[in-house]
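Notes to accompany the following structure.
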Amino acid sequence: FSPIMIWILITTALFLKESSQARRITTNFGFSTGLRRWWQALPLFILRTTSFCFDSKNCTTIKDWLLNGFTYVFYAPLQATGPIMRYSKFESTSIQNSLSLRSYIIRTVLAWYMLHKATSRVPTFALTSTPGLFIRLTKTDTSAALALVFVALNIIWLKFTVIWRFAKCLALLDGVDPPENMRRFVCNNFTIAGFWRNWHTSFYEWLQYYLYRPLLRRTKSKTIATVSVFAFVVLWHDLEPKLYVWGTLNSLCIALERFSGLDRAARECIHLQLTSTSKNLFWRRARLSALGSLYITILVVANAVGFASHSFDDLFFALQSIFISAE
């Protein structure tokens, strides 16, 4: 398959997903029945079919190509939620350690119990999905509004961890080893770039392999490749103006981290083997602490602007309240 043709088809399909006319026509023909609508299942379907089209070079006959493609794209344990496996890894994966499998299942159950307790005490999703609530809270107490966003980020991390680990447990029981989607806790990062490397990791690897690296080879510009990746991510999720603002903020933060060397410094500090006898132990830990505090602040502000705001008026007011005053 021609890479250009594949990306044209991907972009067209994602724009159709956002078309209210396409949804209405398919609904009239009865294609929108069942538990999930086609436009809800399409994003993950696109990721899998793209991977198969790029990686299915070992299929020698049409029969093998169709059989392997159907098996991979509609693999039941990962069908609804992911994690996303590249076809090349799906083809060669295997599980041998049953002890680690039992441990993983136990940790998944514990994560589910923690999520149950957290959502029972803090109705995060009801609060963040209520239009105008964030702005009303910002008018009375900006710090409380930002604290709500911080708590919501942590509970959303736990929610996705439970969803993806449950799907991974089913795949592991079937002998398939998908990637771990949440490799680090949301607060256990020190830069925005590091956060995105460890949030929805399988999607990050897909973007790196099929979009970022090919663009980097062609354009020789990390900035262009990064902006293109976030533009695709917004289109893949929902084509909303506030998400483009969110993507722009994240792109700017990553570009600034690279330009200032923060991302490189954070990686060096994290991977450096620190011992109690190290002379620079205190200052290295202080440096990591400062980077972590800055990262959390930027992350909360970016998500407050990009997700908690339900209109451009909300967005401008949120920015004014955060950076100027709440009055």
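The values are calculated or read from the model by the stated rules, or taken from the named source; none is laboratory data. Since the structure is predicted, the reported quantities are computational estimates derived from the model, not experimental observations. Counting neighbours? That spans all protein chains shown, and the Cβs are built from the backbone with ideal geometry, glycine included. Quick note on the areas: whole protein, heavy atoms, side chains included, nothing else; ligands and nucleic acids left out. Shrake-Rupley method; radii C 1.70, N 1.55, O 1.52, S 1.80 Å.
Structure data summary
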{"quantity": "Positions within the range 84-127 being among the β-branched types (V, I, T), outside any helix (DSSP H, G or I) and modelled with pLDDT under 85, in sequence order", "calculated": "T93, I95, V122"}
{"quantity": "When residues of the range 47-77 are limited to those that are open to solvent by 70 Å² or more (accessible area, probe 1.4 Å) and within 27 Å of the chain's Cα centre (by Cα), the one nearest to L173 (Cα to Cα)", "calculated": "A76"}
{"quantity": "Every residue from the range 185-200 that is under 19 Å from R264 (Cβ atoms) and touching a Gly at 6+ places or on another chain (Cβ under 8 Å)", "calculated": "N189, F190"}
{"quantity": "Lone qualifier among K168, K222, K159 - being buried (at least 19 other Cβ atoms within 10 Å of the Cβ) and among the charged types (D, E, K, R)", "calculated": "K168"}
{"quantity": "Members of the range 104-125 that are open to solvent by 60 Å² or more (accessible area, probe 1.4 Å), over 26 Å from P179 (Cα atoms) and among the hydrophobic types (A, V, I, L, M, F, W, C)", "calculated": "F125"}
{"quantity": "Whichever residue in the range 171-219 is small (G, A, S), more than 22 Å from V301 (Cα to Cα) and over 11 Å from the mean Cα position of the chain (by Cα) and, among such residues, is most open to solvent (accessible area, probe 1.4 Å)", "calculated": "G175"}
{"quantity": "Count of residues meeting criterion [polar (S, T, N, Q) and either open to solvent by less than 40 Å² (accessible area, probe 1.4 Å) or modelled with pLDDT of 80 or more (or both)] in the range 3-39", "calculated": "5"}
{"quantity": "Flag for L44 being touching a residue at least 40 places away in the same chain (Cβ under 8 Å) and over 21 Å from G175 (Cα atoms)", "calculated": "yes"}
{"quantity": "Test: V300 is among the aliphatic types (A, V, I, L, M), assigned to a helix (DSSP H, G or I), in contact with a Gly (Cβ under 6 Å, 6 or more places away or on another chain) and modelled with pLDDT of 70 or more", "calculated": "no"}
